Amino acid sequence: MLQIRNTLVSLDILERHFVCDLAACKGACCIDGDAGAPLEANELKELHNVLPLVWQDLRPEAQAVIRKQGVAYIDEEGDTVTSIVEGKNCVFTCGDSTGLCKCAIEKACREGRTAFYKPLSCHLYPVRVKRYEAYQAVNYNRQRICRCAEVLGEKEKMPLYRFLREALIRKFDKEWYEELELCATEWAKQL
């Protein structure tokens, strides 16, 4: 572990390689789970704001879930998470003609329909941030569904923290990320 300000960062963030390989996994992280995406406190309002903009992109089953319980719920751990369809699919998933599962919110952002990119936990995936009283823990949440991303990351020599640069800056800030890069450089010299 290394410490940057009030965060404890797992060395896996520096040492592991990762590049999403959507062609191989088909977006499994949006559809393979037992709960929705964890939400930051301000993101529930963002989801309500973006909902009319993405409504037509959502599957009928997702629309039915949203009508019944809303865009989010409280999971077993007491966290607010996006609602899910059939016990696994995020309600904000949409498919494309190639069979890839995509995020309707991210699609709307890329098309200029909203400035909200997507929930931060999705942007950071496979990294998870857990808040404790005195610090935040930043950990790599290794999942079998992302094995192809590890293989591609190794091939491209892309460290996980660099792949998630934009998301980590969004979560913490640019100066925090620059400290992380410095730590990574120093850590690599020791290996």
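Where a number appears in this text, it was derived from the coordinates with a stated rule and is not lab data. These figures come from a predicted structure and were not determined experimentally. Note that each Cβ is placed from the backbone with ideal geometry, even for glycine, and that neighbours are counted across all protein chains shown.
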Requested in this report: State whether the residues of the stretch 46-66 include one that is among the β-branched types (Val, Ile, Thr) and free of Cβ contacts under 8 Å to residues at least 12 places away in the same chain.
Outcome: no
**Report entry** Selection from the stretch 80-112 of residues that are charged (D, E, K, R) and surrounded by 15 or more Cβ atoms within 10 Å (Cβ to Cβ)
**Finding:** Lys102, Glu106, Lys107
Report task. Could you name every one of the strands (runs of 3 or more DSSP E) located completely within the stretch 46-156 that has at least 3 residues being of a type in the set (Val, Ile, Thr) and within 15 Å of the chain's Cα centre (by Cα)? Result -> 80-82
Query raised in the report: From the residues in the stretch 126-152 that are of a type in the set (Ser, Thr, Tyr) and surrounded by fewer than 19 Cβ atoms within 10 Å (Cβ to Cβ), which one is farthest from Phe172 (Cα to Cα)?
Result: Tyr132
Report summary line: Filtering the stretch 19-39 down to residues that are assigned to a loop (DSSP other than H, G, I, E, B) and out of contact with any Pro (no Cβ under 7 Å at 6 or more places or on another chain) yields Val19, Cys20, Asp21, Lys26, Gly27, Ile31, Asp32, Gly33, Asp34, Ala35, Gly36
